[in-house]
Amino acid sequence: MSDTMIHVSPSVDTPQGIIPTKKQKSNRRKKKQFLKKMKYLKGKGCLKDNSHQRRNHEHNKASKQNGPFTRPASSSMTTKRQSSPQSNPSSSGVDTSIDHSSGPSTSSFNPLSATFTVTNENSHTKPNQPVNTKTTATLSCASKSSAHKLSTPAGNPTKYLAIDCEMVGAGPKGSISQLARCSIVSYDGDVIYDKFIKPSMYVTDFRTRWSGIRPRDLFKAIPFAQARKEILRLLMGKIVIGHAVHNDFKALSYTHPAALTRDTSKIPLLNLKAGFGEKECASLKRLTKAIFNRDIQTGRKGHSSVEDAKATMELYKVVEEEWERTLASTS
């Protein structure tokens, strides 16, 4: 039996007895380096097998290109509010679509930075612009107040008050006028003050035929000093309207600024509208009848200061715009 010797080579790439080429040596060297690297990575616990390494490699490559949290983004993601035809804003030409396409998908929606597209009929679409809801609310409130001012040309209606007072007589034969009732109405004719007032002097003539005051009306009336404080507090800084209003101020022992006083007995425009002489001092009753064809101060019960104050305010409003413009031009 002859002896047979078998030579075992560790290389699987090169057959026995064949000298490897330079290319094969280079490939073998690269393979060894790769195996060492894989062994090192497995020892560190970074890799488990080749498939896991391939998946990590693809994932890392995609992360570098698109970012760690980027989702497959569509061209535009638009959320639109669906509502009934009665409450659908688009029916009035406004599209309230909200665009979320810009910015990371993990961010939350901020209503103050929402983008609205405003489309008016027969006009071009305006570019999207961020809208601040606080500013919008402020502008909305401002527009409402402006609309209210337009309805009253002279300005703020809360600054206008009409006053009328009723007096009784004190002293010999009731020759000294004393305040017994005061009524104040607003620009819209609402009564904001109406009280009977007990004079500081003894009443000798109630003048019921004109004043409408009777003894029982003053039995529980408030004292003059207290009433005066309440009335002056209301008139302070307001435009006061009255007919022969200087008599009312005299009964109150008060002088109101001339720039804030409107006396309907001294407005020539009212006389012209009523058909009277420009410088004629017409009574409140005559003016009301001529302009509104309405009778006031009728009957035997005397005058009503509330009725007179309301009539005075109505007369002033007839010439308010023209009269205020005239006063502004002369001043």
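Just subtract the alpha-carbon distance of Leu234 and Ala328 from 0.36 nm times their residue separation and send over the number in nm, one decimal.
On the way: separation 94, 0.36 × 94 = 33.84 nm, distance 2.48 nm.
Residue separation times 0.36 nm, minus the Cα-Cα distance, leaves 31.4 nm.
Report the calculated FRET efficiency for Tyr254 and Val191 (r = Cβ-Cβ distance, R0 = 25 Å), to the nearest 0.05. Mind dumping the intermediate values first?
Details: r = 20 Å, r/R0 = 0.82.
For Tyr254 and Val191, the calculated efficiency is 0.75.
If Met236, Met313, Met201, Met167 are ordered by their accessible area, calculated over protein heavy atoms with a 1.4 Å probe, which sequence runs from highest to lowest?
On the way: Met236 125, Met313 5, Met201 80, Met167 35 Å².
So the residues, ranked largest to smallest area, are Met236, Met201, Met167, Met313.
What spacing in nm lies between the two simple spin-label points modelled at Ala225 and Lys279, each 7 Å away from Cα in the Cβ direction?
So the label points at Ala225 and Lys279 sit 4.5 nm apart.
Just to verify a number: what accessible area does Trp210 come out at with the full protein assembly present, 1.4 Å probe, Å² rounded to tens?
Per-residue accessible area (Trp210): approximately 140 Å².
Give me the accessible area of Leu35, 1.4 Å probe, in Å² rounded to the nearest 10.
Leu35 has an accessible surface of roughly 100 Å² with all protein chains in place.
Output the pairs from Lys273/Lys317; Lys279/Lys317; Lys220/Lys310; Lys198/Lys250 with a Cα-Cα distance over 22 Å in this structure; if there are none, say none.
On the way: Lys273/Lys317 13 Å; Lys279/Lys317 20 Å; Lys220/Lys310 25 Å; Lys198/Lys250 16 Å.
With Cα atoms farther than 22 Å apart: Lys220/Lys310.
Kindly write out, for the range 300-310 in residue order, the coupling ³J(HN,Hα) from the Karplus curve 6.51 cos²θ - 1.76 cosθ + 1.60 (θ = phi - 60°), rounded to whole Hz, with x marking Gly and Pro.
Result, rounded to whole Hz: 9, 7, x, 7, 10, 5, 5, 4, 5, 5, 5.
Can you list residues whose amide H is under 5 Å from Lys195's amide H, if they're 5+ apart or on another chain and H is modeled 1.01 Å from N?
Amide H to amide H, under 5 Å and 5 or more residues apart or across chains, Lys195 pairs with Cys182.
Through the Karplus equation 6.51 cos²θ - 1.76 cosθ + 1.60, θ set to phi - 60°, convert the phi angles of the range 257-265 into ³J(HN,Hα) values in whole Hz; use x for Gly and Pro.
Calculated HN-Hα couplings, in order: x, 4, 5, 10, 10, 10, 9, 5, 7 Hz.
Using the heavy atoms of the protein chains and a 1.4 angstrom probe, tell me the accessible area per residue for the range 160-329 in square angstrom. If you can, show how the numbers build up before the last one.
Values: 8940 Å² over 170 residues.
On a per-residue basis, 53 Å².
Amide H neighbours of Ser304 under 5 Å, counting only residues 5+ apart in sequence or on other chains, H built in-plane at 1.01 Å?
Gln297
Using 0.36 nm times the number of residues separating Gln297 and Thr261, minus their current alpha carbon distance, what extension gain do you get? Write down the numbers at each step before the final one.
Numbers: separation 36, 0.36 × 36 = 12.96 nm, distance 2.39 nm.
So the chain would gain 10.6 nm between Gln297 and Thr261.
Which of the trypsin sites (Lys or Arg not before Pro) across the range 261-331 are loop residues per DSSP, with 11 or fewer other Cβ within 10 Å? Walk me through the numbers before you get to the answer.
Details: sites: Arg262, Lys266, Lys273, Lys279, Lys285, Arg286, Lys289, Arg294, Arg300, Lys301, Lys310, Lys317, Arg325; in loops: Lys279, Arg294, Arg300, Lys301.
Here the sparse-neighbourhood loop sites are Lys279, Arg294, Arg300, Lys301.
The values are calculated or read from the model by the stated rules, or taken from the named source; none is laboratory data. Computed from a predicted model, the values in this text were never measured in an experiment. In this analysis, Cβ positions are derived from the backbone assuming ideal geometry, glycine residues included, and neighbour counts consider all displayed protein chains. All accessible areas refer to the heavy atoms of the entire protein, side chains included, with ligands and DNA or RNA removed. Shrake-Rupley method; radii C 1.70, N 1.55, O 1.52, S 1.80 Å.
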